[in-house]
Each structure stands twice: as structure tokens, then as C-alpha cells.
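A short reminder: the numbers here are calculations on the coordinates, not readings from a lab. The structure displayed is predicted, hence computed values, not measured ones. A quick note on method: Cβ atoms are made from the backbone with ideal geometry, for glycine too, and the neighbour counts reach across all protein chains shown.
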Amino acid sequence: MKIDRLIGILSILLQQEKITAPELAKKFEVSRRTINRDIENLCKAGIPIVTKQGQNGGISIIDGYKIDKTLLTSSDMQAILSGLGSLDSVSGTNQVSILMEKLGASNFISGNPNILIDLSSWYKDSLSPKIEQIKKAIEQNRLISFVYYSPKGESSRIIEPYYLVFRWSSWYVWGYCRKRDDYRLFKLNRMTNLKTKEIFEKRVVPTPDLSTEKIFNHKYEIQAIIKPEYRWRLIDEYGLESFTVMPDGNLLFSFMFTDEQSIINWILSFKGGAELIYPDNLRTVLKKLGQQIQKQYSNS
């Protein structure tokens, strides 16, 4: 991929004094013309690259710009390579590993890596093709269309994709939605019938605000009494500060949720091990729901 190759070329230029275009073309298995375009793109990005013709010529970065390799310790490089290597867990390929091998990254580190990052999920088989398809659409400035499923219902969307995002333990695409005339974040697991469309003219894109407060408006405060055997779950999902221990050993849980349906689903997931005590209107909803469930199973 182009971005991988650009990073690779830059890394090589930072490691050695100079290299020729044919050598880069051979290393990355592309044409010399492609390498020349890559060098031009790096120059446009502000990297001060110079080329010299002749027998002792080559491509190099001007003196004073290169990073002293001693600034990066073995631990630094292990952390960097672990982060880069985690990208392979997403795509199901070994593209980054191959890139690191081409760069001779092993020369920077000693010993085995002590950080292992796996960004794949239970849905890797269905997610990986989506990620690769959207990644290519972003690189080629192509629209994508899909059917999207949300708590508000099913809808068909066409968006200008700009960023793939891994956050809140899930994968998203952030882009300009033609239907809403605004930037939106879409969860990949909720997308079906994904298709790549025609080329679009790229906008001046603002940096997406992906803060939890911006994306998830936590406006519903709840209080619930949780049985002590579920302490592990509260700590895992919301942290030790989300509850206090009551004199009888039960846990008084207080938190903010984004919507009422999420609250109901969350309480029911404890199978009787949680009692919602606030707000009152949702207690009424849960009571009616319990009566409906009891009636349904009594009749059957």
C-alpha cells in the first residue's frame, strides 16, 4: 500500500546516507516511476529530500534533518514495532511484518518483543474485508454506500470516507454523510451491502472530535443496587469509582447512560442480580416488561 511504502522509504532514508531509485524499486517491488512519485509526495509533505545524478548519486535527506538512531532505545523500537505489527491483526495479512523485514527493523532491537497487541475481534472474518475495502476507498477518494442498522432503524447511506477509527473496542468509519449533510461516525459491524462507488472531490476535512462526551451524550443518570457477586463486572465495565459498598454487602451503582434502552438492556442482563432504583419512570417500564415476559412464558 502507498502509505506503507512512503513510511518505508522515509525510514530507509533516515537510516542510511543515500539510496538509489532502482534499489528502492527493487526493495518495494514497484517501478522506478512509482518511486519517483513517492519521493515527490514526500517532498510535498515537507521532507527535505535531495537527489543527485551520476555515478555517486542517489536519494538522501539533507544533513541536519536525520534522526540519530541512538535517540531510540531498544525498548522504544519494540513499542513502535508492536504498535505497527498490531495492524496485521486487523487485516489478517502480514503486510506490516513484511515491511519491517524489508526495513531491517530487527537491527534496531535486541531480544523478543514484550508487548503484544491484537486488534482483531470475534467478527474478524467479516470485519477484515470491510476494513480493507474502506481503506482502499479512502486512498482512492471513492464514495462508499451501505445499509446501516441502528437503534433508530435501517437506512441506506452514501458517505465520503476519510478515517478508519478503532475506538471503544470497535471499528468505525468517519466521513461526510450525503444523506445528513454532515460528518458522521458509522460502526462497521452495523454495515451491510458495502459497495465502493465513484470518485469524489475531497473536502477540507476537520479533525474528528472522537471524545466520548462528543460521540456519546451521557444524559441519563441512574442508580441501581447490584448483588456483590457482580462486583467484577462493575469494575470491568465502569471502574471501581462507579459504586459504593452498602452495609448489607450489596453495591450501590451510580452512572450516566446515553439512552433509556441501553439502561433497560443493561439491568436485564444481570438476570435479577440488579434492581434499578432511579429513575422511577424506568422502574415502571421494567415492571411492565417483566409482566409481559411472565405472561408470554405462562401462556406457552
| Cβ-defined net charge surrounding Ile199, 15 Å radius [Lys, Arg +1; Asp, Glu -1] | +3
| note | Cβ-Cβ cut-off under 13 Å around Ile222, Lys and Arg +1, Asp and Glu -1: the net charge is -3
| message | About the Cα centre, and with charges only on the beta carbon of Lys, Arg (+1) and Asp, Glu (-1), how big is the dipole of region 124-215? Nearest 20 debye, please. | response | 160 debye
| request: Quote the FRET efficiency, to the nearest 0.05, computed for Lys214 versus Tyr297 with a Förster distance R0 of 35 Å and r equal to the Cβ-Cβ distance. | output: 0.25
| request: Give the peptides 21-34, 160-173, 39-52 in descending order of average Cβ contacts within 10 Å, highest first. | output: 160-173, 21-34, 39-52
| message | At 7 Å along Cα-to-Cβ for each site, give me the label-to-label distance between Asn193 and Glu229 in nm. | response | 4.5 nm
| request: Between beta-carbons, use under 15 Å as the cut-off and find the net charge around Leu251, counting Lys and Arg +1, Asp and Glu -1. | output: -3
